[in-house]
Amino acid sequence: MSDRRRINPPPGGTSAPVYASSTASPLPPTRTRRPDELRKIFLKTHITPSATGSAYLELPPSPSPTPSLSHSQSPSLKLTATAHLAPLPRSAPFTPNLLVSVHVKFAPFASPIRRGYIRDAGERELSVRVENALRGVIIAERWPKMGLDLSIVVLEGEEEGPAAIQVGEKDAGGAARKTEAWWATMTMLAGCVNVAAAAVVDAGIDCVDAVAGGVAAMVPANTAGGKGGVEVVLDPVPREHGDIIAAAVVAYLPTRDEITELWVRGDPRAAGGEKGLEDLVDAAASAAVGARTVILEAAREEVQGRVEATEGV
Amino acid sequence: ALSLPAPIFAALAPSSFLLAHLTQPQSSTKKRKRPSVRPNGRLATESRVPVINTNSLAHANGSAVVRLGDTAVVAGIKGELLYAKDIPNPPPSSKRLREVGGSAPPLDEDDEAKSLAELGLLVPNVELSTGSHPAHLPGTAPTALAQTLAERLLETLQETRLVSLDQLEIWGSRSTMARDEEEMDVDASEEQRDDDGDETGKESIMAYWAIYIDILFISLDGNAFDAAWGAVMAALKNTTLPHAWWDEEREMILCDADLERSRSLTLRGLPVSVSFGIFDSTAEPRMTNSTAGADAAEANLGSGRWLLTDLDDSEETACKESISAVVDGASGALQLRKLQKVGGGVADLAVMEEVLKLAEQRWKEWKRIL
């Protein structure tokens with residue numbers, strides 16, 4: 001528990017504040033985008049000059065219902081990524097390929113309840129998935145005896161602040177929050193893939209194609225009649241859909257039509273029929289295509305800016 | 001002759017590179033001495049302009065992003081509750097009593113600082129291994145620099161007495177029933193029972209707010225401490241803690257999510273950290289030949305020695321001597337709160353006076369934006 005290399009919390013241990021339900025719980029936001037419409041992505045590359053490549057990605061928050069202290073503003077996904085390309089130390093065994101290692105780290109203030117600095121299972125899982133998504137894309141043979149350290153920092157996650165507690169209702173709220181966090185991880189993975197891809201592009205590392213991540217979810221159809229049908233929405237915000245049946249994340253290479261990472265949660269076939277899974281994955285891939293245009297545009301802007309700067313001199 | 005591109009020269013021999021820039025020969029037409037210009041285009045005592053953005057993180061009680069040129073820092077503050085019953089060796093100040101709704105007996109400032117340090121309510125931590133710099137790669141334990149920074153932040157927080165203890169206290173009175181039960185459980189001594197008798201109708205401290213200050217470097221290009229301290233100040237100034245009270249029924253602290261009832265943290269003064277480096281070209285034997293040109297430009301400490309402010313990364317490797325001052329001018333005259341000088345032997349009293357003069361200017365600069 002205690003870590004001699006850091007400043008430790010008080011020895012008695014602290015607990016996260018619990019909010020009483022003083023006000024009526026605000027209505028959850030509803031989706032105002034079309035099912036096939038993505039949120040706007042803010043992406044900026046080259047934010048860390050001392051790194052080989054770096055990028056910052058932000059998704060806009062959904063409009064907040066009522067501002068209160070537990071969530072004074074709606075959280076939005078904020079990620080940074082840096083790529084450091086460096087020769088491996090002499091003591092390392094020879095490798096003909098580029099060694100890629102990915103570290104995803106949540107900032108302690110990234111979630112409603114403070115996280116510690118010790119790496120947890122969630123971070124490790126995301127790291128492995130991002131590594132999988134990138135491994136097939138980078139042309140590793142061109143960089144023998146080199147290492148690529150990719151580090152992604154989650155400055156802010158999308159989960160909503162701690163819901164108000166009420167006696168008796170405590171557990172239900174906790175369970176709902178848990179599933180929301182569950183789906184939010186999928187959006188986060190897509191964001192991590194996108195920001196990592198942008199950092200790799202910024203670092204100028206040879207790739208077979210620019211990889212991009214996309215998410216799609218299967219939700220109960222929001223029709224006027226309210227009859228039981230399902231629809232597939234791109235880039236879902238878990239809060240906007242009370243109920244998510246299934247969701248898929250892909251890391252997708254559009255020019256090769258290849259998927260390097262696929263993660264499906266829930267059972268799309270139960271609600272969407274035989275073709276349920278295929279529809280869901282196709283939708284996620286088309287979300288990835290949308291994200292890819294942003295990555296390429298950000299890279300182009302950066303290069304253009306540099307060219308203009310040198311021409312100006 | 002062998003010639004290298006500037007970036008490679010800078011990486012191979014940072015000291016010679018810095019000296020070559022500082023002593024660039026002046027044009028012969030002008031008689032006046034030209035001031036030295038550093039490789040980054042700044043004058044010797046010119047600092048980077050800090051840029052601050054506050055409260056852009058939704059999950060934190062207070063947050064700030066501070067940019068100092070290519071050094072970028074994010075600070076996030078989260079408040080958590082430390083229950084009085086969980087404190088192993090409570091300091092005397094935590095046993096104070098007050099009338100219900102009344103004001104607490106005031107604390108001596110020394111006692112307060114001591115209690116605050118003993119309770120450990122301020123927890124600053126620094127994370128450099130975010131890929132912010134090639135020397136601090138992710139996946140490793142905090143480096144020596146990260147540990148030093150965190151310790152220095154904690155020290156500065158405690159020594160400047162920035163946060164007063166009374167705004168971190170949460171008062172409440174335990175009902176007589178709860179107390180009776182406790183007495184039955186614990187075989188309380190006669191003396192304690194007497195104390196409890198006095199407690200009726202009085203409130204005691206039920207919990208404290210522990211303030212976690214987490215600082216992440218997005219990008220590191222020198223002068224880490226000034227940037228980190230600036231971020232701590234900006235974030236603390238914008239921190240709001242929810243209204244919290246002791247709930248007797250549930251025997252826990254509850255907080256009010258209402259923004260109107262929350263209160264912001266008030267800070268004592270406005271301490272600002274200003275760091276300097278002294279570049280001594282005469283100390284490096286291999287460079288004595290090139291110091292011949294040193295008279296060409298003005299060395300602000302004379303004979304090949306320069307006082308530089310707000311060092312960047314390559315300058316930090318070239319400067320052996322560094323001075324760091326924490327100053328506060330909020331109460332009118334400039335107060336020196338902390339002064340640290342490490343390495344070298346160039347700085348004398350006159351230099352220190354110059355340092356304080358520059359620190360005052362810098363404090364005004366920070367004050368405008370904080």
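The values are calculated or read from the model by the stated rules, or taken from the named source; none is laboratory data. What you see is a predicted model; the values in this text were computed from it and never measured. All Cβ positions, glycine included, derive from the backbone under ideal geometry; neighbour counts span all protein chains shown.
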Query raised in the report: What single numbered condition from (1) over 27 Å from B:Arg174 (Cα atoms); (2) in a helix (DSSP H, G or I); (3) not basic (Lys, Arg) fails to hold for B:Gly131?
Result: (2)
Query raised in the report: Of all residues in region B:331-364, which are within 18 Å of B:Val232 (Cα to Cα) and loosely packed, with under 15 Cβ neighbours inside 10 Å?
Result: B:Lys364
Query raised in the report: Within region B:88-96, is even one residue modelled with pLDDT under 90 and either within 24 Å of A:Arg114 (Cα to Cα) or assigned by TED's automatic domain parsing to the domain that holds B:Leu307 (or both)?
Result: yes
Query - When residues of region B:92-115 are limited to those that are more than 21 Å from the chain's Cα centre (by Cα) and in a helix (DSSP H, G or I), the one surrounded by the most Cβ atoms within 10 Å (Cβ to Cβ) - result: B:Ser93
Report task. Sort out which residues of region A:262-312 are outside any helix (DSSP H, G or I) and surrounded by 15 or more Cβ atoms within 10 Å (Cβ to Cβ), and write them in order of number. Result -> A:Leu262, A:Trp263, A:Val264, A:Arg265, A:Gly266
Query raised in the report: Restricting attention to region A:242-261, does a residue exist that is at pLDDT 90 or above, assigned to a strand (DSSP E or B), hydroxyl-bearing (Ser, Thr, Tyr) and surrounded by fewer than 24 Cβ atoms within 10 Å (Cβ to Cβ)?
Result: yes
Query raised in the report: If you scan region A:84-116, which residues turn out to be touching a strand residue (DSSP E or B) at 6+ places or on another chain (Cβ under 7 Å) and hydroxyl-bearing (Ser, Thr, Tyr)?
Result: A:Ser101
**Report entry** Complete set of residues in region B:121-166 that are within 7 Å of chain A (Cβ to nearest Cβ) and of a type in the set (A, V, I, L, M, F, W, C)
**Finding:** B:Leu121, B:Val123, B:Leu137, B:Ala141, B:Ala150, B:Leu154
Query raised in the report: Are any of the residues in region B:241-260 surrounded by 15 or more Cβ atoms within 10 Å (Cβ to Cβ) and within 16 Å of the chain's Cα centre (by Cα)?
Result: no
Query raised in the report: Could you count how many residues in region A:101-121 are of a type in the set (A, V, I, L, M, F, W, C) and surrounded by fewer than 22 Cβ atoms within 10 Å (Cβ to Cβ)?
Result: 3
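What about B:Ser281, is it free of Cβ contacts under 8 Å to residues at least 60 places away in the same chain, assigned by TED's automatic domain parsing to the domain that holds B:Leu308 and surrounded by 18 or more Cβ atoms within 10 Å (Cβ to Cβ)?
Answer is no for this residue.
Here is a yes/no grid of residues against (1) crowded, with 23+ Cβ neighbours inside 10 Å; (2) more than 19 Å from the chain's Cα centre (by Cα):
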site: B:Ala44; (1), (2): no, yes
site: B:His59; (1), (2): yes, yes
site: B:Gly62; (1), (2): yes, no
site: B:Val65; (1), (2): no, no
site: B:Thr71; (1), (2): yes, no
site: B:Lys78; (1), (2): yes, no
site: B:Asp86; (1), (2): no, yes
Query - Residue ID - farthest from the other protein chains (Cβ to nearest Cβ), chosen from residues in region A:93-108 that are in a loop (DSSP other than H, G, I, E, B) and in contact (Cβ under 8 Å) with a residue 12 or more places away in the chain - result: A:Pro96
**Report entry** Qualifying positions in region B:52-71 - more than 7 Å from chain A (Cβ to nearest Cβ) and either in a loop (DSSP other than H, G, I, E, B) or of a type in the set (A, V, I, L, M, F, W, C) (or both)
**Finding:** B:Ile52, B:Asn55, B:Ser56, B:Asn61, B:Ala64, B:Val65, B:Val66, B:Leu68, B:Gly69
**Report entry** For B:Glu118: the one exception among (1) within 12 Å of chain A (Cβ to nearest Cβ); (2) buried (at least 21 other Cβ atoms within 10 Å of the Cβ); (3) within 27 Å of B:Ser273 (Cβ to Cβ)
**Finding:** (2)
